[in-house]
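In what follows, a structure is listed as structure tokens, so that the remarks can point back to it.
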Amino acid sequence: MSTKAFELAKEAYAAVGVDVEAAIATLKKVPVAVHCWQGDDVIGFDNDGALTGGIQTTGNYPGKATTPEQLMADMDKALSLCPGAKKLNVHACYAIFEDGFVDRDKLEPKHFKKWVEFAKARNMGIDFNPTFFSHPMQKDGLTLSHPDKEVRDFWIEHGKACIRISQYFAEETGIPCVMNIWTGDGFKDVPSDRMGPRMRYRDSIEQILSEPFDFNKVKPCVESKVFGIGVEAYTCGSAEFALSIAAMNKERCLPLMDNGHYHPTEVVSDKIPALLCFFDEIALHVTRGIRWDSDHVVILDDETKEIAKEIVRCNALDRTYIALDYFDASINRISAWVVGFRSFQKALLMALCTPNEALKKLQDESNFTELMVMQEEAKMLPFSAVWAEYCARCGVAADTSWFEEIKKYEKEVLLAR
């Protein structure tokens, strides 16, 4: 798009009180974490088993990464086509074993050295996730809440190991590491004891959080979920449970919300300002659920835009740790990364280019008629010219010409695997 189009767009936005240059400058500094597990369908490198834990991928598109080198190369290709600042998001099952295998309760920083090298070479921080699924010690669908102490202790040690690894990531990159605790613990059918598993779950999480760490560098989170495949009747980590854990441990834990982990009629966008009233910082996993936590690729749909709006309206870009979380095996996996990342970049830029102060003033004055008029008019502002300029300044294509690179990469690299 032409420079003239951008200048005209700047004038149109300025007329409603929006500084487009400030919006672009702000967005260029907002990191969004890119999840490695889109590239191999959440398989990882530490076992050959199937994906378990109440989640699943569907599809069998060719070219899935099967080695660390392939996964990093694929991520590199995706990152090169996306504007903006990035972080890397890694699950513990992506440990790289160069001098012998160890189980998850014995993981060390050295098993993630190559990920640190990858991130540092690209000026990225790293977020981390203990992997409480796809493992034989996930017994009866339970980990941290299992009635058998031996099972719980294994997973507690895994969580503590991940705290130490998160500290290593933060110290090596100089960027805080968000470490998210999520398990699929729950029951397929109606339980007779709902409190007992949650008390064990609470105790296990608090034992993990007792591992020494610097809260300025490591940001442990607890994530809830309403249900999963095989755990339809009950999940230990319900919304109330996870939020209560974070609230009772504010000096060492943050709440994390995944917008696919709630009842379909609930929206995380409305929950963001509620949590920001009480927490200095929060964390998000941005996904797209269709009828359940299906983890479809993020697109520029209404809720994606509303999530971005609330982060911006609440002046919380520096209080919110943003990560993407989806996995689709039915389409080109690199394209999935790119579409999702670019979609959320668009949502954030749209939010930054919204006349938020003027709209808030109308609301505070109870001028709801004009508020509706202006909200609708704002949707017609020339956003595409601003997006094109932002992409140009980040050195990437604004239109779909990036897809030609992916088709070439698929033909030359992915289909040869």
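The values are calculated or read from the model by the stated rules, or taken from the named source; none is laboratory data. This is a predicted model, so every value here is computed, not measured. Here the Cβ is made from the backbone with ideal geometry for all residues, glycine too, and neighbour counts use every protein chain on show.
Scanning the stretch 351-376 for residues being touching a residue at least 24 places away in the same chain (Cβ under 8 Å) and of a type in the set (Asp, Glu) gives a total of 1.
Among the aliphatic types (A, V, I, L, M), modelled with pLDDT of 90 or more, surrounded by 20 or more Cβ atoms within 10 Å (Cβ to Cβ) and more than 26 Å from ALA95 (Cβ to Cβ), is that true of LEU27? Here the answer is yes, as LEU27 does meet what is asked.
Of the set (1) closer than 15 Å to ALA283 by Cα; (2) hydroxyl-bearing (Ser, Thr, Tyr); (3) surrounded by fewer than 20 Cβ atoms within 10 Å (Cβ to Cβ), all apply to SER210 but (1). Out of ALA242, ALA246, one residue alone is surrounded by 22 or more Cβ atoms within 10 Å (Cβ to Cβ), free of Cβ contacts under 8 Å to residues at least 24 places away in the same chain and within 29 Å of ILE290 (Cα to Cα). It is ALA242.
Would you confirm, using the coordinates I've provided, whether LEU348 is touching a helix residue (DSSP H, G or I) at 6+ places or on another chain (Cβ under 6 Å), crowded, with 22+ Cβ neighbours inside 10 Å, in contact (Cβ under 8 Å) with a residue 12 or more places away in the chain and assigned to a helix (DSSP H, G or I)?
Yes; evaluated as a whole, the condition is true for this residue.
Does ASP105 satisfy the criteria of being surrounded by fewer than 16 Cβ atoms within 10 Å (Cβ to Cβ), assigned to a helix (DSSP H, G or I), touching a residue at least 24 places away in the same chain (Cβ under 8 Å) and not aliphatic (A, V, I, L, M)?
So ASP105 passes the test.
The C-beta contact set for the stretch 130-159 (first residue at positive phi, second residue modelled with pLDDT of 95 or more and part of a helix (DSSP H, G or I), distance under 7 angstrom, 6+ apart or interchain) comprises SER134/CYS93. Quickly run through the stretch 117-134 and pick out the residues that are out of contact with any Leu (no Cβ under 9 Å at 6 or more places or on another chain) and surrounded by fewer than 21 Cβ atoms within 10 Å (Cβ to Cβ). Residues satisfying the conditions are GLU117, LYS120, ALA121, ASN123. Summed over the stretch 88-101, residues that are in a loop (DSSP other than H, G, I, E, B), on the phi < 0 side of the Ramachandran plot and either of a type in the set (Phe, Trp, Tyr) or modelled with pLDDT under 95 (or both) total 4. Every condition in (1) free of Cβ contacts under 8 Å to residues at least 12 places away in the same chain; (2) crowded, with 21+ Cβ neighbours inside 10 Å; (3) not basic (Lys, Arg) is met by CYS177 except one, and the failing one is (1). Residues of the stretch 359-386 being assigned to a helix (DSSP H, G or I) and of a type in the set (Lys, Arg), which ones? Those that are assigned to a helix (DSSP H, G or I) and of a type in the set (Lys, Arg): LYS360, LYS361.
Considering only the stretch 224-249, state which residues are closer than 23 Å to GLN207 by Cβ and aliphatic (A, V, I, L, M). Show your work before the answer.
Of the residues in the stretch 224-249, the ones closer than 23 Å to GLN207 by Cβ are 224-225, 231, 234-249.
Within the stretch 224-249, VAL231, ALA239, ALA242, LEU243, ILE245, ALA246, ALA247, MET248 qualify.
Each residue in the stretch 161-211 was checked for being of a type in the set (Val, Ile, Thr) and assigned to a loop (DSSP other than H, G, I, E, B), and 2 of them qualify.
Of the strands (runs of 3 or more DSSP E) lying entirely inside the stretch 212-308, those containing at least 3 residues that are closer than 29 Å to CYS353 by Cα and either at pLDDT 95 or above or within 14 Å of the chain's Cα centre (by Cα) (or both) span 254-258, 282-286.
So which residues in the stretch 108-128 are closer than 24 Å to VAL396 by Cα, part of a helix (DSSP H, G or I) and in contact with a strand residue (DSSP E or B) (Cβ under 8 Å, 6 or more places away or on another chain), if there are any at all? PHE118, ALA119, listed by residue number.
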